[in-house]
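Notes to accompany the following structure.
The values are calculated or read from the model by the stated rules, or taken from the named source; none is laboratory data. Treat the numbers as computed from the prediction; the structure is a model and nothing was measured. Here the Cβ positions follow ideal geometry from the backbone for every residue, glycine too, while neighbour counts run over all protein chains shown. These area figures cover heavy atoms from the full protein model, side chains too; ligands, DNA and RNA do not enter into them. Shrake-Rupley method; radii C 1.70, N 1.55, O 1.52, S 1.80 Å.
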Amino acid sequence: MHRSTRLLLLSSTLAAKSCDSCDALAFQQVIHCRQQQGRRAKASALGASDVLVSVQVAKKLSQQEAEDIIETCLFPSGEHTRRMNAGRDAQGLREGTSSVVEAGDPRMQYTYGEFPLRSFDTLIDMSLDELQSRRGTIPDSLRLVDLGSGCGRLVLYAALSRGWNVNGIEIGRELHTVATNILSKGTADGYFTSAQLPNEGVISLHLGAADTLTDVLGSADIIFAYSTVFPAAKDFNVEISALVLSPAWSEMLAKACRDECVVVTTDRALDPQFGWELVARREIENPEVFGSTGYVHILNKSKQGDMASSYRR
């Protein structure tokens with residue numbers, strides 16, 4: 001069975017599960033969720049103004065050196081539970097409440113996971129191949145955006161290992177706070193420093209919804225999204241043989257990104273009706289979901305317009 005089909009079945013199974021907790025517990029959970037939503041509304045209203053800037057990689061490292069620092073110093077396995085708890089807090093889950101967030105639940109957008117660094121490198125290298133085939137040469141300093149950056153793990157790894165300008169966009173305040181704390185620790189340990197060269201290895205962590213940070217998305221050469229639990233379209237896309245992200249995501253990114261921007265997603269492709277060309281896919285290791293499919297897309301704005309308009313009608 002194709003992995004995308006298995007994920008679709010898994011999502012359907014989750015959606016079918018019952019949440020028959022006692023009425024009192026359900027009521028408490030609803031109240032807590034509304035309180036969380038109020039706090040998130042304030043965070044979204046901040047938009048791009050709540051951003052940590054002027055932090056820079058002190059020294060570009062090899063991928064192995066960067067991986068060692070990420071896994072042992074900045075994101076040690078002993079603190080994994082704390083990071084996962086920040087994700088639960090962002091979802092509005094507390095001890096004593098149901099730990100299941102069903103498919104289709106808006107709290108899914110706050111799900112936290114840690115994507116394998118080597119699988120990330122594989123997909124980013126595939127993206128570079130596509131950029132080089134179209135541009136001929138690739139500048140030393142590219143702009144990468146991690147969409148749904150969580151605690152900042154991929155942001156810091158990419159900046160350390162590639163020396164690029166890397167932006168993280170995260171909607172969950174609790175996860176963003178953990179990310180900024182880890183970045184502060186990395187600065188104290190000497191891995192990062194105050195920015196001096198604005199076009200080399202600058203790290204920026206943004207708190208807010210992606211559609212309020214379109215200027216950040218519009219400046220990107222490559223966007224990565226660990227989109228395995230992002231909302232998907234209802235139907236499997238036969239044209240590209242993939243489960244696709246919801247039209248809202250595909251359209252928002254198509255409007256925000258510049259022509260020939262490369263977007264990498266996992267387990268959900270972007271809808272070609274909005275100008276997204278699926279140029280490569282790869283089965284990759286991802287223990288969190290027993291393996292993933294990575295999709296590499298390039299935006300062709302000349303294919304937007306009529307198709308997207310007819311789709312919305």
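Structure notes:
- Beta bridges per DSSP, both residues in the range 182-313: antiparallel share near 75 percent.
- Carbon/sulfur fraction of accessible area - the range 187-313, other protein chains in place, 1.4 Å, %: 51 percent
- Accessible surface computed residue by residue for the range 146-255, with neighbouring protein chains in place and a 1.4 Å probe, gives 34 Å² per residue.
- Gyration tensor verdict on the range 165-271 (Cα atoms; rounded if a/c is under 1.5, prolate if a/b is larger than b/c, oblate otherwise): prolate
- Geometric extent, Cα atoms of the range 112-240 - Rg, Dmax (angstrom): 15.4, 51
- Length gained when the stretch Asp215-Ser302 is fully extended (0.36 nm per residue, less Cα-Cα span): 29.2 nm
- Euclidean distance between Cα centres, the range 59-82 to the range 143-218, Å: 15 Å
- Each Lys or Arg adds one and each Asp or Glu subtracts one; over the other residues with Cβ under 12 Å from the Cβ of Leu147, this totals -3.
- Full-extension gain in nm, Glu65 to Glu79, via 0.36 nm per residue minus C-alpha separation: 3.0 nm
- Where a label projected 7 Å from the Cα of Ser141 along Cα→Cβ would reach, residues of the range 148-181 with amide N under 13 Å: 163-166
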